[in-house]
1. Ser41 passes all but one of (1) in contact with a Lys or Arg (Cβ under 7 Å, 6 or more places away or on another chain); (2) hydroxyl-bearing (Ser, Thr, Tyr); (3) within 24 Å of Thr118 (Cα to Cα); which number fails?
2. Specify which of the listed residues (Ala210, Ala231, Ala205) is at pLDDT below 75 and out of contact with any Ser or Thr (no Cβ under 9 Å at 6 or more places or on another chain).
3. Inspect all residues belonging to region 178-186 and state whether any of them is closer than 18 Å to Ile91 by Cβ, modelled with pLDDT of 85 or more and buried (at least 21 other Cβ atoms within 10 Å of the Cβ).
4. Given the condition of a type in the set (Val, Ile, Thr) and at pLDDT 95 or above, answer yes or no: does some residue in region 115-122 qualify?
5. Could you tell me how many of the residues in region 119-162 are under 19 Å from Pro346 (Cβ atoms) and buried (at least 17 other Cβ atoms within 10 Å of the Cβ)?
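The values are calculated or read from the model by the stated rules, or taken from the named source; none is laboratory data. This one's a predicted model, so the numbers in the text were calculated from it and none came from an experiment. FYI the Cβ positions are ideal-geometry reconstructions off the backbone, even for glycines, and counts take in every protein chain you see.
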Amino acid sequence: MSTIRQSIRPTFRAQSKPFYFLLGTTLFTVMLGLAMVASASSIDSFKETASAWSTVFRQGGFAIIGIALLAIVSTLPVKLIRKTSLLALHITLGLQVLTVFFGIEINGNRNWLDIGFTSIQPSEFLKLGLILAFSHQLSKLTDDPYRNRQVWLWIAGYSGLALILVVMLGKDMGTGAVMAVLLIGMFLIAGLPWSYFFGVCLLGALAAVALVIQSPSRLMRFEAWLNPSAADPMGVNWQYQHGTWALASGGIWGTGLGRSKLKWSWIPEVENDFIFAVIGEELGLFGALFVIALFLVMGLAMFAIAKSQTNLFSRNLVVGVMLWVVMQAMINISVVLGLLPVLGVPLPLISAGGSSLIATLAAIGVVLAVERDRVSKLGRSGS
């Protein structure tokens, strides 16, 4: 009996405050997301399936899977996560390669893979694969310039391959932008030389310009974003304009949950990338600021967890997930506010979509596993 008690004790040991802050905020945000998806998708769901609840029921199923995965991953030893990091990268890259050749094209992006009973978006899981593998590689940096050069070349090769698969072949510039931001942030914090950093930024900027110019639809969206008040016969600014009107009509306290006008087919699939506009309309400025505060709390909790880590792999891992969740949220919100052109980036934990929700919850589970491992070691050293 004592052996059983000793084996399960680490799982239920009291954790740190950042652990509970992150876990609680994450679960609350998922519940809020389900409520907003239920409201935003009700009209389109009824038109498609004669049930106003079909989309939110499906999203609820994804939430159950994601939360279960978070719970499982959060109990994994950090050593096991590190050992399987390269495997995770290669599996997710393999899925992305399959998507390029056999994937489903939606709205011009070939970024979904049909697996029979549903479709998945491998690029969402590729973000986690990159963070895991690059955290492992960045922890190998030393004072040896030759060894460091080998590490950076390895990372540059896999970064380039991932972005080519997602952006150039998958035509998903939004996901590519999120990947680029989180990877550059990880590299800078890990000690990327400033000369390399400016070189990477310049190369990325030139690549982004080339990708925009060679695609008529991207160029049209970019020009419309630069001149929002110009004539728009093609309706390129339709999403931004109606999203702005929805935010303005919400006022300070909002029109009330479920009372959005935007969801009445003014924006297709508003429960996805533009769900923040529905939040601003129904919950007002107060609700919109509250959602932003939720992501700031998550970011601060992960920052506190990263700061307390003594292991470089663990610290890099937490920083990578923090940059992913917070920066993707800021990009999504900036698009809705018109600060960035439309990129097709979901709001983490809130927008409808199974792959994004499950991958994000799995990533947060990894962060919780890192903190649980640290607290467990402190408990063993103190006993």
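1. (1)
2. Exactly one of Ala210, Ala231, Ala205 is at pLDDT below 75 and out of contact with any Ser or Thr (no Cβ under 9 Å at 6 or more places or on another chain), namely Ala231.
3. Yes: region 178-186 contains one or more residues that are closer than 18 Å to Ile91 by Cβ, modelled with pLDDT of 85 or more and buried (at least 21 other Cβ atoms within 10 Å of the Cβ).
4. So far as region 115-122 goes, no, none of its residues is of a type in the set (Val, Ile, Thr) and at pLDDT 95 or above.
5. So the first thing to find is which residues in region 119-162 are under 19 Å from Pro346 (Cβ atoms), and the list is 119-131, 162.
Right, trim to buried (at least 17 other Cβ atoms within 10 Å of the Cβ) and you get 120-131, 162.
Summing the residues that are under 19 Å from Pro346 (Cβ atoms) and buried (at least 17 other Cβ atoms within 10 Å of the Cβ) in region 119-162 gives 13.
A quick yes/no check of all residues on (1) among the aromatic types (Phe, Trp, Tyr); (2) at pLDDT 90 or above; (3) farther than 19 Å from Leu22 by Cβ; (4) more than 20 Å from the chain's Cα centre (by Cα):
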residue	(1), (2), (3), (4)
Arg259	no, no, yes, yes
Asn272	no, no, yes, no
Leu283	no, yes, yes, yes
Ala288	no, yes, yes, no
Val297	no, yes, no, no
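This table checks each residue for (1) among the polar types (S, T, N, Q); (2) closer than 26 Å to Trp225 by Cα; (3) touching a Cys at 6+ places or on another chain (Cβ under 9 Å).
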residue	(1), (2), (3)
Gly284	no, yes, no
Phe290	no, no, no
Gly299	no, no, no
Met302	no, no, no
Ser308	yes, no, no
Gly320	no, no, no
Asn332	yes, yes, no
Gly344	no, yes, no
Ile350	no, yes, no
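Matching residues to (1) touching a residue at least 12 places away in the same chain (Cβ under 8 Å); (2) among the polar types (S, T, N, Q):
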position	(1), (2)
Gln241	yes, yes
Ala248	no, no
Gly256	yes, no
Asp273	yes, no
Gly284	yes, no
Gly287	yes, no
Leu294	yes, no
Ile305	yes, no
Asn311	yes, yes
